[in-house]
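So the structure is just underneath, and the comments pick up after that.
The values are calculated or read from the model by the stated rules, or taken from the named source; none is laboratory data. Bear in mind the structure is a predicted one, so any value in this text is a computation, not a measurement. Backbone-built Cβ (ideal geometry, glycine too); neighbour counts: all protein chains shown. When the accessible area is computed, the model is the full protein with side chains, heavy atoms only, and any ligands, DNA or RNA have been set aside. Shrake-Rupley method; radii C 1.70, N 1.55, O 1.52, S 1.80 Å.
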Amino acid sequence: MPAQHRVAPRPPRFPGTSRRQFLGYLLAAPTLAVGVKLTADSVLEAEALPSPAPEVSEVYDLSDLLADSTRPTANLITVVLERDGTVSFSMPRAESGQGITTMAAMLIAEEMGIPVSDVNVTLADARPELLFNQQTQGSSTVISIYTPIRVAAALARGRLLEAASTLLGDEATNLRTTGGKVVSEAGSSIPFAQLATAAANSETREALTELKGPDDFTVIGTPQRRDDVRAAVTGKKNYTMDIDVPGAVPTMIARPPTIKGTVESINNEDQVRSMPGVTDVVEISTDAAPGRGTTSSGVAVCARTFGQCIDAINALDITWGGGNADGESDESILRQLRASPAPVNLPSPTPLDQVGGQIPLATEGLGNVGPVEAVEQEFVFHWRSNSAMEPNVAVADVRSDSAEVWTPSQIPINTQDQLARELDLTTGQVTVHVTRGGGAFGRRLFNDAPLEAARVSKEVGKPVKLMWHRADECRVGRVHPMCISRLRATYSPGAKQVVSFEQRHTSVATDYTEAFGDMISSQAAKLPFANELTLSQTVFLLTASVPYDVGAVALGYNEIFDFDKFATGSSRNLNNMDVRPAQELMIDLLAAKLDEDPLDFRLDRLESDRAKAVLEKVRDEGDWGRDLPEGVAQGVAVHNEYKGTVAVLAEVDTRPATANRDIRGATTGPRVRKVTVAVDVGLPINPLGLKAQMEGGVMTGIAHVFTGSLHLRDGNFLEGSWDDYRYTRHWNSPPELDVHVMPATGERPGGAGELGVGVSVAAVACAYARATGTTPTSFPIGHTKDVPFRVKPFVPPLPPSPEDGLTSYPTPSAAGPVFNPAS
Amino acid sequence: MPPHTFKVNGRPVTVDVEDDVRLLWVLRDLLKITGPKYGCGINVCKACTSHINGRAFNPCSVPVGQIRPTDEITTIEGLPETVGADLHPMQEAWIDRDVPQCGYCQPGQIMAAVDLVKKVKADGGAITDDDIDGIRNMCACGTYSRIREAIKQGAANM
Ligand code: FES
Ligand code: FES
């Protein structure tokens, strides 16, 4: 990169730093306990919607919606100082690897002056009084809990100083907390353990506190390891299936050989029930909603071990009724998507109305740009699975007048409510324990596993531990729907200007009912457009935007089918995992038409300074424009979302020697050999965790570009394992991956879990296009009609476990031929 | 139902179960040793990777009837003991690099890494990126870069 392009890093700035007072409660308890409403702060007033709003998500995005829907009704979250001087906080959120419990511990440590390791954060059971305040999605967690947790810890600090001042006979103003002690200027100190009861309150009362200013932070912004890292690497971290609930029997379900099929009859129930270890064989509804009946069903088997469940399921002789999508295949879906153009003017009132509802695609009226030309491109995105490593799981113990369930739910209140409705109990009779999840990625917003487990437990009259088989995770599990994006842009070669940018996105309907349904309804009044749009259109408008100045922007979204024809759901980064790559590929096409460097083209047109800074950072750190051999190229993309901004520069090697490299059992193909990321989330709380989220986003992005997809054929998804569904593996992961966390640019943290996915897809796809000279238009690129693996049978439904594990480690399963779309 | 006797993590165990039940379920469901995780049951994801007589294997794909009384099974829980320490150097490297996200795949990743490094060292070599490329263990959180660094770091201390 030429030296004149380099810029000095921008100094941190904290606009609007304030010393506001915050209200909380000192709680009557045996030791010091404080409570704070989750409504303690007030983003909304600070960010009124400006007008006109050409793209709604820029001023009011999904993370605002999620944060706002948690405002009015929340009850208290509490921080407790235990007698041993440690602090406990029960967090009304799910933790599935995003590191939010670690962040919560850091916030408490910061305000209280205690080592991070002395703060124990656990996950709260379902708490209906918190209403929407107990959901973990859309990367909103850190945004909505940041201030309340700090307020609670600051109140606790204040009480500790008061109590210590009595004991030390010193003014509270001469005292401070550090390292789990109150220390005085004179040098004396008392450990928190000795103050836990002295600082306790005999009655509950309101109290005010102030928060530390950013300049005084000693914990926030420093790298901290995960709170459960040691447990995770020693095998001591307990996931749902590791919990020893007395009497809970392993349970799995035989599922139909078609999407949402139903059982007509079980023909050898008695025979299967007499198999070794098997205790129960029962037909149950697998419907995703409570009390709706058996729109889909299966046969549950309980046994002494999960292995015996698998064998029994494969021995079952079941007559199955038809499925929900019989006869549909990728090709038929694509035809229907193409036949359904998205309206570019959405129902009124929409953001477009505010710019007159007109998209200036003609040359008239544009004044001095001169004649314009157009680029048009359609992009196809195939079905994707959002499965985590830990399959869908739940333990359920259903009695006549109560139910107790353990599951890594992302919305435990919703889980509790649905279980109560399914079981005809009150919510008070249903306890939902939130376990730490082995990945979530949106899949655990739905209650498939807890509902099934509860149904089986009720039917067989004993506690059950229910787990999905991997094959079912691929074939029956919720999917990110197949969709197409049609883009058209006009530009003026004379004025070297993009005049208009239009994107019509058409998708198979996405099921957002669990995730966003009630929340969007409750907040509809605040949104300028929600009333007349579908849920999915609302989610689209809340997340879609173009970060560049590309003239008049028009975005449209529509769907085919009912929301529950296929089992769909939220995936990491929602629509933006497809919408943004389509845009960025289009930007590269426009840059080429206007004969500009792709990075400079973006830099010139980025609207936000923060976005420009991350782009400049990857340009410099990733050495944009360096000499590369033919077949190797760089690609770059920028993305704003969740109050953050991120740039990714990827380098892809498509040369035959690389793409055809032979690794036993591997789908190799083009190699992303180097990735540089720069991320600005406003205020980074834990840079180490933030980097991890970006790294994960890159890996997921690579899968979406090259190989990770489901094939729909004759009403079923063909993939049945991690070798069929080809998520990024060690052999695909970039040997060099650098994430740069930008210095704080604000006083508040933004979300990170989803921020890195779509932008990574985009950068890798753009690099691939430049390396091969061909813009890929169908994703993943390796999604071919002829599947590169041997399709496992649907009847019997589960692949049998091999018996040769001792003689053939590491036996590759039947992976297909080498994947090399470049050669 | 024949009793099966073997050693797990240095302790002799006896279980009464049919011969064809795969060892993963004997460990998890009957012996309550839950470090090895289920991710596929068909020797693809490698989440269950453990060691038998010091070599990596996948208990989801081995019927318990094939385990001999003299066989020593080591799961992630027993790994530190194999070096007589609180933590194996590979676990230390994993902590130092803050590798896990959800953590579900990590016991398997660590057991596979230890085996790979031992094998490479026995062949007189040092661990390379190419060696690491060949590891089959799946991670849906995408922690591969940190695993790559941690293996090199752990190998240096093994
Ligand atoms: S569970 Fe053993 S390899 Fe996947
Ligand atoms: S850390 Fe979650 S699957 Fe690897």
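Relative contact order of chain B: 24 percent, from C-alpha pairs under 8 Å at least 6 residues apart in sequence.
A loss of 50 Å² or more of accessible area (1.4 Å probe, protein heavy atoms, ligands and nucleic acids excluded) relative to the isolated chain is seen in these residues of the stretch B:17-50: B:22, B:25, B:29, B:38, B:42, B:43, B:44.
Post the alpha-carbon centroid distance, the stretch A:191-270 to the stretch A:654-701, in whole angstrom. What the calculation gives is 28 Å, centre to centre. Scanning residues 5 or more positions from residue A:739 or on other chains, those with amide H under 5 Å from its amide H are A:677, with H placed 1.01 Å from N in the peptide plane. Accessible surface buried by the B/A pair amounts to about 6100 Å², both sides summed, 1.4 Å probe.
Amide H contacts for residue B:8 (H built 1.01 Å from N in the peptide plane; partners 5 or more residues away or on another chain; cut-off under 5 Å): B:13, B:73.
Under a 5 Å amide H cut-off, with hydrogens placed 1.01 Å from N, residue A:249 pairs with A:464, A:465 among residues at least 5 apart or on other chains. Packing here is the average count of other Cβ atoms within 10 Å per residue, and on that basis the peptides A:760-766, A:771-777, highest first, run A:760-766, A:771-777. Our helix-only sum for chain B, with -39,500 (n - 2.57) per DSSP H run of n ≥ 4 divided by its residues, gives a mean residue ellipticity at 222 nm of -8000 deg cm²/dmol. The mean number of partner chain beta-carbon atoms within 10 angstrom of a residue's beta-carbon across peptide A:253-260 is 0. Reducing the stretch B:85-158 and the stretch A:597-641 to their Cα centroids gives an inter-centroid distance of 32 Å.
Taken one residue at a time, the phi angles of the stretch A:145-156 give Karplus couplings (6.51, -1.76, 1.60, θ = phi - 60°) of 9, 3, 6, x, 5, 5, 4, 4, 5, 5, 4, 4 Hz. Gly and Pro are set to x. Rounded is the label for the protein assembly as shown, because a/c, from the alpha-carbon gyration tensor with a ≥ b ≥ c as root eigenvalues, stays below 1.5. Cross-link partners for residue A:593 among the aspartates and glutamates, with Cα-Cα distance under 20 Å and sequence neighbours closer than 8 places in the same chain left out: A:373, A:376, A:378, A:502, A:549, A:584, A:604. Highest-first packing order for the peptide set B:12-18, A:573-579, A:299-305, A:779-785 is A:573-579, A:299-305, A:779-785, B:12-18, based on the mean count of other beta carbon atoms within 10 Å.
3J(HN,Hα) along the stretch A:614-628, derived from phi through the Karplus expression 6.51 cos²θ - 1.76 cosθ + 1.60 where θ = phi - 60°, amounts to 5, 5, 5, 5, 5, 4, 6, 6, x, 6, 4, x, 5, 5, 9 Hz, with x in place of Gly and Pro. Counting only residues at least eight positions apart within a chain, or on another chain, the lysines with an alpha carbon under 20 Å from that of residue A:37 are A:212. Solvent-accessible area of the protein assembly as shown (1.4 angstrom probe, protein heavy atoms only): carbon and sulfur portion equals 49 percent.
Peptide A:299-309 is shielded by partner chain Cβ atoms: per residue, an average of 5 of them sit within 10 Å of its Cβ. Interface residues of the stretch A:377-404, defined as those losing at least 40 Å² of solvent-accessible heavy-atom surface relative to the isolated chain (probe radius 1.4 Å), are listed as A:389.
Counting Cβ atoms of other protein chains within 10 Å of each Cβ in A:466-476 and taking the mean gives 2. Ordering of B:99-112, A:686-699, A:220-233 by packing is B:99-112, A:686-699, A:220-233, highest average first (other Cβ atoms within 10 Å, averaged per residue).
Protein heavy-atom accessible surface, 1.4 Å probe, per residue over chain B: 32 Å². Under the rule a/c < 1.5 gives rounded, and otherwise a/b versus b/c splits prolate from oblate, where does the stretch B:80-157 land using the Cα gyration tensor? Oblate shape, in that a/c is at least 1.5 and b/c is the bigger or equal ratio. For residue B:119, which lysines qualify as cross-link partners when the Cα separation must be under 21 Å and same-chain residues fewer than eight apart are set aside? Correct list for residue B:119: B:46, B:152.
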